[in-house]
């Protein structure tokens, strides 16, 4: 018997595959993943019942509308200051005789909701703030449909210590693709994982040509409609670096057997190459409702969850090698993933700060990765001899954010000089 650790995500291992309608909690309900999950649930009321929603608090009108559509028991917001506005929005949506949902508020509200009674928690929160809800859902024994890649990146050992076999179902389009392709064989049969990248809005440009790109340029993704942080991560290909680390953690495949290939059409979402030379690719038109349906419904498939290809129409699918000079983020992510411990948390936190500085016009595009790399270098090699704790992650993130802010400010001054 192999002494290799069990992967976090394995299509052959089913964690509590309950039949019938599943109760779902959606974290990040007003974001891209959350709104598409709600669309899926509303179209499949016999399969899914959404019992609770959480959001940051910036779109209380939409949150109230979602709550009324789904008849949820509880809504949660991270910002306590928006509770009066949320109550007003709920009163406007509900009839005078209808009971309003319970309201939770504060920085721990989503974490409390993640541990509530349900079958599946969909974590669609953006950023490392999703770590605590991820751990809470796992600790409570819920199936975790994981779209919040950052919680796995920054807290990999913590997540691996809690997750039971089959408890995590990935929702990223790339990892849902790998998850499905891996169902065709055993881990011993896997030669490599191939993660596809659209190439973002700057595919084909050299590093020199990237120096003057604007925020508007970077937000113009050719394929996907996403939030600003994720869209900038796609432009720098940081998202692909994070996905390489995530694939390593989810499927227990070494970094040297995980490749990235550029596929502009975004039809093939990822591939698995097996030891006999065959490669299985999972392909659909770009639409996140397919991966969300896998996360919520596995091992069953949800009919018509997303559009299918029209094979009567001609199409061309292209694949290109990754330009590592113009986009060094994937190589840096492999490096921090190999270091482990707090290094991925430093990488992710520094990147979040640099993306914010770029979006605010304070940092040039190419300085995003230059600054992140400098923060990672300064952090050095973490001590792998001690067990990682949540406190360690938070301390490393706080340090990385402060250093990234200082370095970004200096880089901005140098760029203007």
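Any residue that is assigned to a helix (DSSP H, G or I), farther than 20 Å from residue 167 by Cα and touching a helix residue (DSSP H, G or I) at 6+ places or on another chain (Cβ under 6 Å) - is there at least one of those in region 20-37?
Within region 20-37, one or more residues are assigned to a helix (DSSP H, G or I), farther than 20 Å from residue 167 by Cα and touching a helix residue (DSSP H, G or I) at 6+ places or on another chain (Cβ under 6 Å).
Which condition breaks for residue 66 when tested against (1) surrounded by 21 or more Cβ atoms within 10 Å (Cβ to Cβ); (2) more than 25 Å from residue 287 (Cβ to Cβ)?
(2)
So residue 177 fits all but one of (1) modelled with pLDDT under 90; (2) part of a helix (DSSP H, G or I); (3) crowded, with 19+ Cβ neighbours inside 10 Å; what number is the exception?
Status for residue 177: all satisfied but (1).
Testing residue 18 on (1) within 27 Å of the chain's Cα centre (by Cα); (2) surrounded by 14 or more Cβ atoms within 10 Å (Cβ to Cβ); (3) farther than 21 Å from residue 288 by Cβ, one condition comes back false. Which one is that?
Of the numbered conditions (1) within 27 Å of the chain's Cα centre (by Cα); (2) surrounded by 14 or more Cβ atoms within 10 Å (Cβ to Cβ); (3) farther than 21 Å from residue 288 by Cβ, the odd one out for residue 18 is (2).
Taking helices (runs of 4 or more DSSP H) that fall entirely within region 193-265, which contain at least 3 residues that are surrounded by 20 or more Cβ atoms within 10 Å (Cβ to Cβ)? Spell out how you get there, then give the answer.
Details: elements: 207-210, 215-219, 228-236, 238-251.
Here the list reads 228-236, 238-251.
Among the residues of region 1-15, how many are out of contact with any strand residue (DSSP E or B) (no Cβ under 6 Å at 6 or more places or on another chain) and either touching a residue at least 24 places away in the same chain (Cβ under 8 Å) or not in a loop (DSSP other than H, G, I, E, B) (or both)? Outline the logic, then answer.
Applying the first criterion (out of contact with any strand residue (DSSP E or B) (no Cβ under 6 Å at 6 or more places or on another chain)) to region 1-15 yields 1-7, 10-14.
Filter once more, keeping what is either touching a residue at least 24 places away in the same chain (Cβ under 8 Å) or not in a loop (DSSP other than H, G, I, E, B) (or both): 2, 4-7, 10-14.
Total meeting the criteria: 10.
Which of the residues belonging to region 1-11 are closer than 21 Å to residue 147 by Cα and either at pLDDT below 90 or crowded, with 19+ Cβ neighbours inside 10 Å (or both)?
Kept after step one, since they are closer than 21 Å to residue 147 by Cα, are these residues of region 1-11: 6-11.
Matches in region 1-11: 6, 7, 8, 9, 10.
Checking the conditions here, which among 75, 83 is touching a strand residue (DSSP E or B) at 6+ places or on another chain (Cβ under 8 Å), more than 21 Å from residue 24 (Cβ to Cβ) and either in a loop (DSSP other than H, G, I, E, B) or modelled with pLDDT of 95 or more (or both)?
Working: 75 fails: more than 21 Å from residue 24 (Cβ to Cβ).
Just a single option satisfies the conditions, and that option is 83.
Is one or more of the residues making up region 101-121 in contact (Cβ under 8 Å) with a residue 60 or more places away in the chain, under 20 Å from the mean Cα position of the chain (by Cα) and not in a helix (DSSP H, G or I)? Spell out how you get there, then give the answer.
Residues of region 101-121 in contact (Cβ under 8 Å) with a residue 60 or more places away in the chain: 110, 113-114, 116-121.
Subsequent filtering for residues that are under 20 Å from the mean Cα position of the chain (by Cα) retains 110, 113-114, 120-121.
Then keep just the ones that are not in a helix (DSSP H, G or I); that gives 120-121.
Yes; the residues of region 101-121 include at least one that is in contact (Cβ under 8 Å) with a residue 60 or more places away in the chain, under 20 Å from the mean Cα position of the chain (by Cα) and not in a helix (DSSP H, G or I).
Of all residues in region 187-203, which are at pLDDT below 90 and over 22 Å from the mean Cα position of the chain (by Cα)?
Within region 187-203, just 187 meets the criteria.
Would you please name the residue that is surrounded by the most Cβ atoms within 10 Å (Cβ to Cβ), looking only at residues in region 105-126 that are farther than 23 Å from residue 171 by Cα and in contact with a helix residue (DSSP H, G or I) (Cβ under 6 Å, 6 or more places away or on another chain)?
Checking each candidate, the answer is 105.
The values are calculated or read from the model by the stated rules, or taken from the named source; none is laboratory data. Just so we're clear, the structure is a prediction, and the values are computed from it rather than from any experiment. Neighbour counts run over all protein chains shown; Cβ positions are idealised from the backbone, glycine included.
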